[in-house]
Amino acid sequence: MTLHDLGARTLRLFDPETAHGVSLAAMSLGLGPRHSQRDPTLSVTIAGLTFPNCVGLAAGYDKNAEVPDAMLAAGFGFVECGSVTPRPQDGNPRPRLFRLTEDRAVINRMGFNNQGLDAFEERLKRRRGMPGVVGANIGANKDSADRTADYVEGLRRLWPWASYFTANISSPNTPGLRALQTRAALDDLLGRLREARAGLTAAHGPRPVFLKVAPDLDEGEIAQIAEACLAGGIDALVVSNTTVDRPGGLRSRQAAETGGLSGKPLFQPSTQVLADFYAATQGRLPLIGVGGVGSAQEAWAKIRAGASAVQLYSALVFEGPGLVGRIRDGLRARLAAEGFGHLSEAVGRS
Ligand SMILES: Cc1cc2nc3c(=O)[nH]c(=O)nc-3n(C[C@H](O)[C@H](O)[C@H](O)COP(=O)(O)O)c2cc1C
């Protein structure tokens, strides 16, 4: 066990939200692990943007863009900060974050607590010129009169500073947000994002824009979203956010808490939805697989189901940041054992 794994264990003695704060502070003090980002066999290029390796940090850990460089230094190939909303927001009352230790899972109903675009933009500006892929996950304020305008505002303010964008329309903790996944609302959103992108690209150069979806979608909804994204110029789908479902067999006392479930129990449903999106898009739309990745085996399963890259968050709570290096080592070993020269050859080969 490394010092960092021990750190992760110690953090679990605190209540989850305090532990999260302590972990952010430790990372910003440079106490995280050090691992090179470069991994030529695991590198991936999506919409012209090259990720030095395919294992990314999912949104929600670094909502205010406080520690992207420390997370990159820990070995993540890319870091997605946010979700950020135009105006600062307190989020829901505490407690709102629950550790389901027996299930290796987390339930959260944070509700987009974040410091808003001003603070986020300032931090990204300060790291101008630094290497590394840092994405901005953008959201909408809970009390916004025009939620689509909030996403456009996120693009507009952060375009010069972020490597890519993810429009998060799938958090279960902002009432009504997931309705943006329905066809008419999605066509409107994508149309307005596209319009904004054209001007921003002319002024500052291109940036990939991804869309993050829920795992709680049926076949028809998956087909509609895939079609809208292909027609609407979205560069990749991030599949998936947390689930409002509670799969049978959860053992933890807090399993009935309201909010989005993530971690191990999300692996199967989110990987199924990923495979369904891969089938629906037939490889025409890159996919980023998220949900329950806690080992190389799970990362590999996401790749085989159609993911070009993966992200994780909840497993860090149980495994510590040393996990990213272990997953990369395991993926390289797996590629070699199965006779692949590069990760891209394994995508969708289920
Ligand atoms: C505490 C917490 C906060 C999160 N906040 C966000 C968020 O602000 N925006 C977002 O797109 N996803 C958010 N997520 C979802 C994660 O990015 C990820 O999609 C989900 O947790 C599944 O991955 P995992 O099983 O590896 O955690 C959050 C997850 C957790 C556990």
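The numbers here are math on the coordinates, done by the rules we state, and not lab data. Source: prediction; values computed, not measured. All Cβ positions, even for glycine, are placed from backbone atoms using ideal geometry, and neighbour counts span all protein chains on display.
Quick one: dipole size for segment 254-332, taken about the Cα centre, charges +1 on Lys/Arg Cβ and -1 on Asp/Glu Cβ, in debye to the nearest 20. List each step's numbers first, then the result.
Details: 7 positive and 5 negative charges, 60 e Å.
Result for segment 254-332 is approximately 280 debye, rounded to the nearest 20.
Using alpha-carbon pairs under 8 Å, 6+ residues apart, how would you state the relative contact order of the chain in percent? Can you show the working numbers first?
Numbers: 748 pairs, mean separation 64.6, N = 350.
Rounded, it is 18 percent for the chain.
Between segment 1-61 and segment 152-211, how far is it from one alpha carbon centroid to the other, in angstrom?
26
Rounded if a/c is under 1.5, else prolate if a/b beats b/c, else oblate: with a ≥ b ≥ c from the C-alpha gyration tensor eigenvalues square-rooted, which is segment 21-169?
On the way: a/c = 1.67, a/b = 1.18, b/c = 1.42.
Oblate shape, in that a/c is at least 1.5 and b/c is the bigger or equal ratio.
Just report the Cα centroid separation between segment 120-144 and segment 287-350, whole Å.
Cα centroid of segment 120-144 versus Cα centroid of segment 287-350: 26 Å apart.
Are there any GluC sites (Glu not before Pro) in segment 280-350 that are in a DSSP loop and have at most 14 other Cβ atoms within 10 Å? List them by number. Show your work: numbers first, answer last.
Working: sites: GLU298, GLU319, GLU338, GLU345; in loops: GLU338.
Counting only loop positions with at most 14 other Cβ atoms within 10 Å, the GluC sites (Glu not before Pro) in segment 280-350 are GLU338.
Out of the trypsin sites (Lys or Arg not before Pro) in segment 1-68, which ones are loop residues according to DSSP with at most 16 other C-beta atoms within 10 Å? The partial results should precede the final answer.
Numbers: sites: ARG9, ARG12, ARG34, ARG38, LYS63; in loops: ARG12, ARG34, ARG38, LYS63.
Here the trypsin sites (Lys or Arg not before Pro) that fit, given the DSSP loop and packing criteria, are ARG12, ARG34, ARG38.
Near LYS212, which aspartates and glutamates are there with a Cα under 17 Å away, not counting those fewer than 8 places off in the same chain?
Within reach: ASP62, GLU80, ASP150, ASP187, ASP188, GLU221, GLU227, ASP235, ASP276.
Just to confirm a number: summing +1 for Lys and Arg and -1 for Asp and Glu over residues other than ALA198 whose beta-carbon lies under 14 angstrom from that of ALA198, what do you get? Working shown, then result.
Numbers: positive: ARG156, ARG192, ARG194, ARG197, ARG207; negative: GLU195.
Result for the local shell: +4.
What are the semi-axes of the equivalent ellipsoid for segment 213-333, taken as the square roots of 5 times the Cα gyration tensor eigenvalues, largest first, in whole Å? Before the final figure, lay out the partial values.
Values: eigenvalues 116, 77, 23 Å².
Each semi-axis is the square root of five times an eigenvalue, giving 24, 20, 11 Å.
Along its three principal axes, how long is segment 35-77 when you only count alpha carbons? Whole Å, largest extent first please.
Projected onto its principal axes, the Cα set of segment 35-77 covers 29, 24, 12 Å.
How about segment 320-350: which trypsin sites (Lys or Arg not before Pro) there are in a DSSP loop, with at most 16 other Cβ atoms within 10 Å of their Cβ?
Details: sites: ARG326, ARG328, ARG332, ARG334, ARG349; in loops: ARG349.
Of the trypsin sites (Lys or Arg not before Pro), the ones in loops of segment 320-350 whose Cβ has at most 16 other Cβ atoms within 10 Å are ARG349.
Using the Kyte-Doolittle scale, which helices in the chain average at least -0.5 and also have C-alpha atoms spread 15 Å or more along the helix axis, with helices defined as whole DSSP H runs? Let's see the in-between values first.
Values: long enough: 16-28 (18 Å, 0.33); 116-126 (16 Å, -1.05); 147-158 (17 Å, -0.78); 183-204 (30 Å, -0.15); 219-232 (19 Å, 0.55); 264-281 (26 Å, 0.09); 323-337 (21 Å, 0.21).
Helix filter hits for the chain: 16-28, 183-204, 219-232, 264-281, 323-337.
Return the calculated 222 nm mean residue ellipticity for the chain, to the nearest 500 deg cm²/dmol, obtained by summing -39500 (n - 2.57) across DSSP H runs with n ≥ 4 and dividing by the residue count.
The helix-only estimate for the chain comes to -12000 deg cm²/dmol at 222 nm.
Short version: what are the Cα gyration tensor semi-axes of the chain, square root of 5 times each eigenvalue, largest first, in whole Å? Don't jump to the answer; show the numbers that get you there.
Numbers: eigenvalues 135, 111, 95 Å².
Each semi-axis is √(5λ); the values are 26, 24, 22 Å.
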